[in-house]
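Pasting a structure here, questions to come.
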Amino acid sequence: MTTRTKLWSAFGGIILLTAVTAHIALPEKLNVKLPFLQRSFDLRLGLDLQGGASLVYEANTEALAAADQAAALDSARDVIEQRVNAFGVSEPVVQTSRVGDKWRIIVELAGIKDISQAIQLIGDTPILEFQEAGTPPAPTAEQKAAAEKANAEVKKKAESILTQARTAGADFAKLANENTQDPSNAGTDGQGKGGDLGFAQRGTFVAEFEKALFDDLQDGEVTSKLVKTQFGYHIIKRIEARTTKVDGKDVQEVRGSHILFTTTDPAAQTSAQFVATGLTGKQLKRADVTFAQTTGEPEVALTFNDEGSKLFAEITKRNIGKTIAIFLDGQILSNPTVNQEITGGNAVISGSFTLKDAKDLARRLNAGALPVPVTLVSQQTVGASLGADSIQRSLFAGLLGIIVVALFMIFFYRLPGFLSVIALGLYTLLVLTIFKLWPVTLTLAGIAGFILTIGIAVDANILIFERTKEELRAGHPLDSAIQEGFKRAWLSIRDSNASSMITALILIWFGSSLIKGFAITLLIGIVVSLFSAITVTRNLLRLVIQFKWAQKLSLYGVRLDSSEPK
């Protein structure tokens, strides 16, 4: 293959690369339609550009030794990050920080509009505990009498509130906030929820509660009498019902509200029948939904770490034929029976699970695997309007930078400068393509890094063109001057860009999220600028000088004196 053929082949490759990158990088209105590439691609914007939710959790590390706190926070951060990933958030930022003796976990969820759903997924995560059956002391006669007296007073008060709740025009939510003893009624903002339980399907609540909510009440009705469950007395209001699709089937969901009056029954306190085993969510690595090989029914598989594996083997060995209760926030999630000693750190909870039940149980087990309790101390919704304004200003700055750099290159370096501007256009398309395909989460700092690399992208060209002009002034032919110019400039280009890349890598390794975003876009820009200057500009220049009109030295910004050799 001759040199001319190689140059035209390279030119064809540059054209094809430009078409492909333009299809990916440009907005849909400006898109180059390619028959073999019909997909559309979008930039992934960070929290500061597209808005979203920012949550700050404070970890309670009082029960941990000082030396173990950092590791526990790292584990908690990993667990929260897994939950966020399950939520489908793109490029979430989850990081820990320490202010004085307070440890915090900062979660930034770009694009999340329903902050309450995010809080429920991430923040509503108390401690997960595995407990075994114990032998609680039998209540004394005095304890029973005291409990009966206390319960009678609770019932009397509950009946009084029930009368008020059934009065025409009564504010049920206000009565709930003033009287309910349900701890889940307190919202993260410190305000009561009015007893609202949200929409739920059958199987969510205990049988007595569900009968009232699903069977006895119509929308807007309040129970005519107190509903007694193991937790106490309830006044229940059915707010509304709806039908949703689950696995292709219509399923009824009911939104209810209640006022709870807890009762005292020491002999029947479920939690009092179990004792702690030392196995908690700290030792649970994950819970997954699997299917039984023989029946095909959904199951929940548990995987413990090394410490959890040993503990679980000991617990199952001494509880064969008994149950091990799994508690989340003091409530039983599951109470499976142990059939045999389980070693190896893997266990399966089987039963009459529907797929949804199994998914819910696995999700809640994973949600409770936090090694330290966390409390939401700050929530903030970042509006997209600020991000849109930032994008417009950044795009204007970037466009202005490209235009000024292009004018500078053409004015000082004429034809090579014009070719470097073409290479700069391809450089821009390539970088945006990488941002979309990787994908890189683009923050305001990342945009700053990208704009900075526009100047870096032509820096190598300037070194090459100056060396080429020196060779031309020395009287060397055009083709050899260009070749020698690239050769002489390469060492300076290599060393300069290598030092910049090392700096970017250090920032990526040790920097915070914003610094990392800046460093990543900077590193991508440096690598692509090298390709742009050494490959694209060089091939375009060598191809152009094949034409006679491109042989004039004035096109290269070189003006020879009559005394200089030609």
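Tell me, what HN-Hα J-couplings in whole Hz come from the Karplus equation 6.51 cos²θ - 1.76 cosθ + 1.60 at θ = phi - 60° for each residue of the stretch 526-543, using x for Gly and Pro?
Running phi through 6.51 cos²θ - 1.76 cosθ + 1.60 with θ = phi - 60° gives 5, 4, 5, 5, 4, 4, 4, 6, 7, 9, 5, 4, 4, 5, 5, 5, 5, 6 Hz.
Quick check on the stretch 428-527: what are the equivalent-ellipsoid semi-axes from the Cα gyration tensor, as sqrt(5λ), descending, whole Å?
Result for the stretch 428-527: semi-axes of 33, 14, 9 Å.
Same structure again: Name the long-range amide H neighbours of I112: under 5 Å, sequence gap of 5 or more, or other chain; modelled H, no Pro or chain starts.
Residues meeting the criterion, in which the H sits 1.01 Å from N, are A53.
A follow-up question, please. Rounded to the nearest 20 Debye, what is the dipole magnitude of the stretch 438-566 about its Cα centre when Lys and Arg each give +1 and Asp and Glu each give -1 at the C-beta?
In total the dipole reaches around 240 debye.
Just subtract the alpha-carbon distance of E178 and E307 from 0.36 nm times their residue separation and send over the number in nm, one decimal.
That works out to 42.0 nm of additional length.
Taking a probe of 1.4 angstrom, what is the accessible area of D42 in Å², to the nearest 10?
Rounded to the nearest 10, the figure is 120 Å².
Given H placed 1.01 Å from N in the peptide plane, which residues other than close sequence neighbours of T264 have an amide H under 5 Å from its amide H?
For T264, the qualifying residues are N151.
Go ahead and run the numbers for FRET between A146 and K225, Cβ-Cβ distance against an R0 of 22 Å, rounding to 0.05.
With R0 = 22 Å, the Cβ-Cβ based efficiency is 0.30.
Cross-link partners among aspartates and glutamates for K548, C-alpha distance below 15 Å, same-chain residues fewer than 8 apart left out?
Within the straight-line limit of under 15 Å, K548 reaches these aspartates and glutamates: D479.
Further question: Which residues' amide hydrogens lie under 5 Å from the amide hydrogen of I239, considering only partners 5 or more residues apart or on another chain, with H built in the peptide plane?
Hits under the 5 Å cutoff: G220, R255, G256, S257.
³J(HN,Hα) across the stretch 49-62 via Karplus (A = 6.51, B = -1.76, C = 1.60, θ = phi - 60°), whole Hz, x for Gly/Pro?
9, 10, x, x, 10, 10, 10, 10, 10, 10, 8, 8, 10, 4
I would also like to ask the following. Can you give the FRET efficiency for D247 and N339, using 1/(1 + (r/R0)^6), R0 = 30 Å, r = Cβ-Cβ distance, to the nearest 0.05?
The computed FRET efficiency comes out at 0.55.
Give me the lysines in straight-line cross-link reach of K322: C-alpha distance below 29 Å, same-chain residues under 8 apart excluded.
Straight-line reach from K322, under 29 Å: K144, K228, K282, K285, K310, K356, K359.
If you don't mind, there's one more thing I want to ask. Using the beta-carbon distance between D357 and A168 and R0 = 41 Å, what value does 1/(1 + (r/R0)^6) give for FRET efficiency, to the nearest 0.05?
Calculated value: 0.55.
Can you list the HN-Hα couplings for the stretch 2-12, worked out from phi with the Karplus curve (6.51, -1.76, 1.60; θ = phi - 60°), rounded to whole Hz and with x for Gly and Pro?
3J(HN,Hα) across the stretch 2-12, in whole Hz: 6, 4, 4, 5, 4, 5, 5, 5, 4, 4, x.
Determine how large the accessible area of D171 is when every protein chain is in place; take a 1.4 Å probe and give Å² rounded to the nearest 10.
Result for D171: roughly 90 Å² accessible.
Near V206, within a Cβ-to-Cβ distance under 15 Å, what is the net charge of the other residues, with Lys and Arg +1 and Asp and Glu -1?
-3
Counting just the Cα atoms, what span does the stretch 137-234 cover along each of its three principal axes? Round to the nearest Å and put the largest first.
44, 31, 28
The values are calculated or read from the model by the stated rules, or taken from the named source; none is laboratory data. This one's a predicted model, so the numbers in the text were calculated from it and none came from an experiment. Heads up, the Cβs are rebuilt from the backbone with ideal geometry, glycines too, and the neighbour counts pull from every protein chain shown. Areas reflect the complete protein model, heavy atoms only, side chains present, ligands, DNA and RNA absent. Shrake-Rupley method; radii C 1.70, N 1.55, O 1.52, S 1.80 Å.
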